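Peer 1: This is the structure I want to talk about, given as structure tokens.
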Amino acid sequence: MYKRFVFDHISFPVGKIYEDLAVAFKEILLCKKVVYGDARLYFYLQRENSTMNESFNIKQYDEINIVDSATEEVLELYPDFDKEVVYRRACSYFAVLYRILSCNDKNGFVNERKEIVSKLMKYRSILLRGWNKDKSMKVKLVALSVGQYPYYICQKIISNLKKKAILRIK
């Protein structure tokens, strides 16, 4: 929940998808106080024909640009959050890469895939160093070091195990 004044200074980006990501970072940066609770009070409605459920298209690459831009703003204000920013970026990079590799056009989006892999490899040592307890991130990064297809298989296995609540890697 946000106080109304927060939205006096923020607008949703026009023509972009994942606009909630762009706005969420800005909302939090404007707040003087942020409180976290672990109660599950908010649920995303995912329609069958929603952006999240359609085959990858280039508009979905907006997520990368939005997260990169938003995390730059965070770093300007909070330079000590550099590791958290890297982790947040990696989460988006992996999510977009997985959607690309899952789409029907297996040979498409070559430049986008190369760019994402390059970004992830740039942060490889930070992500593997151990400050973060997300072991699945490390497993995915090691698999990606072998190749995109091994990463895809690894991510598919992790996703299926998480859905079945068998895997609790944290």
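Peer 1: Rank by packing, highest mean first: peptides 121-127, 149-155, with packing defined as the count of other Cβ atoms within 10 Å averaged across residues. List each step's numbers first, then the result.
Peer 2: On the way: 121-127: 14.4, 149-155: 17.3.
Answer by packing, highest mean first, reads 149-155, 121-127.
Peer 1: Another question about this same structure. If you project the alpha carbons of the chain onto the principal axes, what extent comes out on each, in Å, largest first?
Peer 2: Computed over the chain, the largest-to-smallest principal extents equal 47, 38, 33 Å.
Peer 1: How much net charge surrounds residue 90 when only other residues with a Cβ under 13 Å from its Cβ are counted (Lys, Arg +1; Asp, Glu -1)?
Peer 2: Values: positive: 83, 88, 89, 119, 122, 124, 129, 138, 140; negative: 63, 68, 82, 84, 134.
The answer is +4.
Peer 1: Separate question: Sorting check: for 70-80, 22-32, which peptide has the highest mean count of neighbouring beta carbons within 10 Å, and how do the rest follow? Spell out each step's value before the answer.
Peer 2: Numbers: 70-80: 13.1, 22-32: 15.4.
Put in order of decreasing packing, that is 22-32, 70-80.
Peer 1: Within the set 83/114; 32/163; 32/122; 33/59; 3/140; 3/138, which residue pairs have Cα atoms separated by over 28 Å? Intermediate results must be reported in sequence, preceding the final value.
Peer 2: Numbers: 83/114 23 Å; 32/163 36 Å; 32/122 33 Å; 33/59 34 Å; 3/140 38 Å; 3/138 37 Å.
From 83/114; 32/163; 32/122; 33/59; 3/140; 3/138, over 28 Å: 32/163; 32/122; 33/59; 3/140; 3/138.
Peer 1: Next question, about the same structure. Roughly how many percent of the accessible protein surface of the chain is carbon and sulfur, given a 1.4 Å probe and a whole-percent answer? Walk me through the numbers before you get to the answer.
Peer 2: Details: 6470 of 11590 Å².
So the carbon and sulfur contribution to the accessible surface is 56 percent.
Peer 1: To the nearest 10 degrees, how steep is helix 148-163 against the longest Cα principal axis of the chain, on a 0 to 90 scale?
Peer 2: Rounded to the nearest ten degrees, it is 60.
Peer 1: Here's another thing I want to ask about it. Compute the accessible area per residue over the chain, keeping the other protein chains in place, probe 1.4 Å, unit Å². Show your work: numbers first, answer last.
Peer 2: On the way: 11590 Å² over 170 residues.
On a per-residue basis, the chain sits at 68 Å².
The values are calculated or read from the model by the stated rules, or taken from the named source; none is laboratory data. Quick caveat: nothing in here was measured; it's all calculated off a predicted structure. So basically every Cβ, Gly included, is an ideal-geometry build from the backbone, and we count neighbours across all protein chains shown. Note: areas computed on protein heavy atoms with side chains; ligands, DNA, RNA excluded. Shrake-Rupley method; radii C 1.70, N 1.55, O 1.52, S 1.80 Å.
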